[in-house]
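All remarks here apply to the structure that follows.
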Amino acid sequence: MADGKREYAFDVVVIGSGAAGLDLALLLDEAGIDTAVLAKTTIDDTSTNRAQGGIAAVLDTAHDSFEKHVQDTLRAGAGLCDEEVVRFVVAHAPEAVERLIARGAHFTRDASGHYHLTREGGHTARRIVHAADATGREMQRTLQQQARAARHITLFERHMAIDIIRERGRRTGRAVGVYVFDRDSRHVHLFRARVIVLATGGASKVYLYTSNPDVATGDGIAMAWRAGAAVCNMEFTQFHPTVLYHPRAKNQLISEAVRGEGGVLLLPDGERFMPR
């Protein structure tokens, strides 16, 4: 293409380089499928990389069960959860953890050599596997390292997806590509693909005060909507209620594991205020 603009062709384009995007790209790589992964800043500038607490999965079957995990989740969801989805995620969580371990992730172990399990809000059992207090960073490191070495994955940093391209002449035409802004060359490139995957996270950074990173601006949701996809449940926005605040610095997340282990919120005079 002229004027520095380029055209690429892949089997799959994955938009987003966090845990969801990279894990999928690696599974596609194992099947020999050529995949592009787009990151609008650096590959590791993700919500995954900033996550602290850990991953909820039933690993200690002597003291826990899938059904307990399901019921904890449904209870915490106040009747709004899709139970079929909950059961699917709970049943496949241990497999996802084992896949991370097989790829080189190092999770914290106890003195006996077993994985150390902690507890977070809403859980009635210890089922949070973690890498000290930087689980997300370890996940990102592992997946990123594997993706960089993968034969069928091409990583594009500072390439911001703008819009999904659909087949012409059809109101319900399938997606056939993506327009992508190269933040270094300042050109818009064309990425053609048989499948477009949105692994772009949420939109919580649109709020002034939030524990979410700057990249969480809802790009994927907006692209999906403009392409004709149904968008719903936008009211479900996640904020961690605890951050380390400094007026001259960005908020630093304080993990919910602190509360799961019994931590409480206090006023400067030591008074609890959440039970009011």
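What follows is calculated from the coordinates using simple rules that are stated; it is not laboratory data. Keep in mind that what you see is a predicted model, and the values were worked out from it rather than measured. For neighbour counting, all protein chains shown are included, and Cβ atoms are generated from backbone atoms with ideal geometry for every residue, glycine included.
Starting from residues that are in contact (Cβ under 8 Å) with a residue 60 or more places away in the chain and of a type in the set (A, V, I, L, M), keep the ones in the stretch 192-203 and report whichever is farthest from R137 (Cα to Cα).
Ranking the candidates gives A193 first.
From Y209, Y179, Y245, which residue is among the aromatic types (F, W, Y) and touching a strand residue (DSSP E or B) at 6+ places or on another chain (Cβ under 6 Å)?
Y179
Hey, among the residues in the stretch 150-201 that are outside any strand (DSSP E or B) and touching a helix residue (DSSP H, G or I) at 6+ places or on another chain (Cβ under 8 Å), which one's surrounded by the most Cβ atoms within 10 Å (Cβ to Cβ)?
Among those that are outside any strand (DSSP E or B) and touching a helix residue (DSSP H, G or I) at 6+ places or on another chain (Cβ under 8 Å), it is T200.
crowded, with 16+ Cβ neighbours inside 10 Å, among the basic types (K, R), within 17 Å of the chain's Cα centre (by Cα) and within 30 Å of F10 (Cβ to Cβ): does that describe R137?
yes
Restricting attention to the stretch 41-79, report how many residues are part of a loop (DSSP other than H, G, I, E, B), out of contact with any His (no Cβ under 7 Å at 6 or more places or on another chain) and touching a residue at least 40 places away in the same chain (Cβ under 8 Å).
Summing the residues that are part of a loop (DSSP other than H, G, I, E, B), out of contact with any His (no Cβ under 7 Å at 6 or more places or on another chain) and touching a residue at least 40 places away in the same chain (Cβ under 8 Å) in the stretch 41-79 gives 13.
Please list, ordered by first then second residue, the pairs with beta carbon atoms under 8 Å, 6 or more apart or interchain, first in the stretch 204-230 and over 10 Å from S47 (Cβ atoms), second surrounded by fewer than 17 Cβ atoms within 10 Å (Cβ to Cβ) and among the acidic types (D, E).
What qualifies is M223/D163; R226/D163; A227/D163.
Can you spot a residue in the stretch 237-249 that is loosely packed, with under 15 Cβ neighbours inside 10 Å and farther than 27 Å from N49 by Cβ?
No.
Against the definition (crowded, with 19+ Cβ neighbours inside 10 Å and either among the charged types (D, E, K, R) or over 18 Å from D64 (Cβ atoms) (or both)), how does R127 come out, yes or no?
Here the answer is yes, as R127 does meet what is asked.
Might you check whether a residue that is within 17 Å of the chain's Cα centre (by Cα) and under 30 Å from V13 (Cβ atoms) occurs anywhere in the stretch 57-67?
Yes: the stretch 57-67 contains one or more residues that are within 17 Å of the chain's Cα centre (by Cα) and under 30 Å from V13 (Cβ atoms).
Just to verify a result, which residue in the stretch 104-146, among those that are among the β-branched types (V, I, T) and part of a loop (DSSP other than H, G, I, E, B), is nearest to A51 (Cα to Cα)?
So the residue we want is T108.
Return the residues of the stretch 10-40 that are part of a strand (DSSP E or B) and either under 21 Å from D133 (Cα atoms) or touching a Phe, Trp or Tyr at 6+ places or on another chain (Cβ under 8 Å) (or both); say none if nothing qualifies.
Result: F10, V13, T35, A36, V37, L38.
Within the stretch 65-84, identify whether any single residue is touching a Leu at 6+ places or on another chain (Cβ under 7 Å), among the hydrophobic types (A, V, I, L, M, F, W, C) and closer than 23 Å to D184 by Cα, and answer yes or no.
No, the conditions are met nowhere in the stretch 65-84.
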